[in-house]
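Written out below as structure tokens is the structure these notes cover.
Nothing in this text is a laboratory measurement; each read-out follows from the coordinates by a stated rule. If you're wondering where the values come from, they're calculated on a predicted model, not measured in any experiment. All Cβ positions, even for glycine, are placed from backbone atoms using ideal geometry, and neighbour counts span all protein chains on display.
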């Protein structure tokens with residue numbers, strides 16, 4: 001099950017990072033977005049990141065052109081039909097993911113591997129709408145994708161040995177360190193990280209300290225590179241809320257229940273760095 005070509009669904013924060021990483025690693029990549037505008041924005045972000053790498057001397061212009069030549073974009077899912085591996089990086093919405101996989105399942109050959117970059121939704125819930133549950137796996141990358149070394153490889157009960165090994169090899173080919181996880185809500189990292197992030201909001205809500213002091217406390221006291229409230233803004237408050245709701249629905253444990261402050265900020269459109277305002281103002 002050699003992977004040579006990669007399709008990516010979504011060219012937002014995570015999708016563009018997956019495209020960039022895959023192309024740098026030598027794979028031919030085609031990315032699909034829902035509109036030409038979103039596609040241009042995502043591809044522009046990749047070009048900008050590569051320009052910065054050239055400016056800092058991390059690669060030369062010839063390498064930059066070589067990487068960009070491996071990337072193409074489309075607004076038509078059908079253009080991904082001949083890819084060996086398709087990675088989904090759309091929002092944390094079960095119905096949207098299922099509809100996407102259902103459409104692709106009808107147009108892709110049987111050997112195409114489907115992989116979800118979901119932060120929390122189990123694979124079996126997505127794979128069940130396809131006729132290739134044996135060729136369905138999770139590849140959960142972390143932001144920023146080209147920099148972060150970890151990828152969680154989530155194996156559903158139906159995932160074949162060949163599919164699992166191909167996913168592990170793909171991660172290694174992208175110079176990532178894969179960790180293996182069973183098919184459960186939140187996997188490893190978000191199962192542990194989400195309560196921590198929600199507790200940081202609760203601490204802010206309760207007036208225990210300022211946002212700056214909470215973040216400084218965790219950075220200097222625990223050696224974290226980024227404080228929890230900074231991290232919330234970086235990930236996106238709306239994304240964290242979606243993850244929390246999925247995990248609370250599954251486990252019904254208080255540590256996964258979203259604080260009112262988080263819900264209010266998202267309702268007001270204050271989702272973090274991407275909106276210009278969240279816990280902090282940018």
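Listing for the model above:
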read-out	value
Burial order of peptide ranges 274-282, 22-30 (average beta-carbon count within 10 Å, highest first)	22-30, 274-282
Mean residue ellipticity (222 nm) of the chain, computed from DSSP H runs ≥ 4 via -39,500 (n - 2.57), nearest 500	-14500 deg cm²/dmol
Fully extended contour minus Cα-Cα distance, from residue 210 to residue 78, at 0.36 nm per residue	42.5 nm
Relative packing of 122-133, 238-249, 69-80, which averages over residues the other C-beta atoms within 10 Å, highest first	238-249, 122-133, 69-80
Distance histogram in 5 Å bins (all Cα pairs of region 123-282, percent per bin)	2, 9, 15, 17, 18, 15, 11, 8, 4, 1, 0
Contour minus Cα-Cα distance for residue 58 and residue 261 (0.36 nm per residue)	68.9 nm
Part-to-part distance (alpha-carbon centres) for region 126-165 and region 210-258, which is given in Å	24
Taking the chain and dividing mean pair separation by its residue count, relative contact order in percent (alpha carbons under 8 Å, at least six apart)	14
Cα Rg over Rh - region 5-182, Kirkwood	0.95
Using a Förster distance of 22 Å, the FRET efficiency for residue 129-residue 150 (Cβ separation, nearest 0.05)	0.20
Percentage, to the nearest whole number, of Cα pairs in region 190-273 over 14 Å apart	62
